[in-house]
1. Using r as the Cβ-Cβ distance of Glu52 and Asp114, and R0 as 30 Å, what FRET efficiency do you calculate, to the nearest 0.05?
2. With each pseudo-label sitting 7 Å past Cα toward Cβ, what's the Lys29-Lys89 distance in nm, one decimal?
3. So which of Lys48/Lys111; Lys54/Lys111; Lys40/Lys67; Lys65/Lys108; Lys89/Lys111; Lys48/Lys108 end up more than 23 Å apart by C-alpha?
4. Express the carbon and sulfur contribution to the solvent-accessible surface of the range 1-111 as a percent, rounded to the nearest whole number, probe 1.4 angstrom.
5. What distance in nm separates the simple spin-label points at Lys65 and Cys13, each placed 7 Å from Cα in the Cβ direction?
6. Rank by packing, highest mean first: peptides 83-92, 98-107, with packing defined as the count of other Cβ atoms within 10 Å averaged across residues.
Amino acid sequence: MMEFSIIYTTYRCGSYDIVADSLANQTFKNFELIIVDDYKPDRSDIVKAYLESKGICARYIGPSKPKCFPELAYNVSNAVNTGILLSAKEFIIIYQDYHWLAPDCLEKIAKREDLLRNNHCIVLPAQTYESFAPRDNNG
């Protein structure tokens, strides 16, 4: 059976609620969630509690690994690399702030074993969600 590592990278104060709602409604449940959260201050306890309230277990919630080139400013590639290093499944989906997946998105991908088996790259069609609700710095 196909399994996915979903790597969610963020450095913003909000949006993990959009990810949680999107993943909680998936018809295909064979995935692990890895959250690489470079937002300061650490909010892993808040995020973990919210995910658990939605029935989602995250394998990792934490910051990026130390940078190979620390003199460089913000680097999303470092967050993605951290997630890839932590992933344990055969297929990886990289997911970023303020994106939402349709409830059957993972199921549709899982049915396309022909593409995945032949090492094709799949880019997920995701919708960007803009919330107009005020957000504080606690996420």
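1. Given R0 = 30 Å and the Cβ-Cβ separation, E is 0.25.
2. 1.3
3. Details: Lys48/Lys111 30 Å; Lys54/Lys111 25 Å; Lys40/Lys67 16 Å; Lys65/Lys108 32 Å; Lys89/Lys111 17 Å; Lys48/Lys108 27 Å.
Distance filter (> 23 Å) returns Lys48/Lys111; Lys54/Lys111; Lys65/Lys108; Lys48/Lys108.
4. On the way: 3240 of 5720 Å².
Roughly 57 percent of what the probe reaches on the range 1-111 is carbon or sulfur.
5. Result for the modelled spin labels: 3.1 nm.
6. Details: 83-92: 15.0, 98-107: 17.3.
Top to bottom by mean Cβ count within 10 Å: 98-107, 83-92.
The values are calculated or read from the model by the stated rules, or taken from the named source; none is laboratory data. Note that the structure is a prediction, hence the values are computed from the model and not measured. Virtual Cβ from ideal backbone geometry, glycine too; neighbours counted across all protein chains shown. The accessibility values were calculated without ligands, DNA or RNA, using every heavy atom of the protein model including side chains. Shrake-Rupley method; radii C 1.70, N 1.55, O 1.52, S 1.80 Å.
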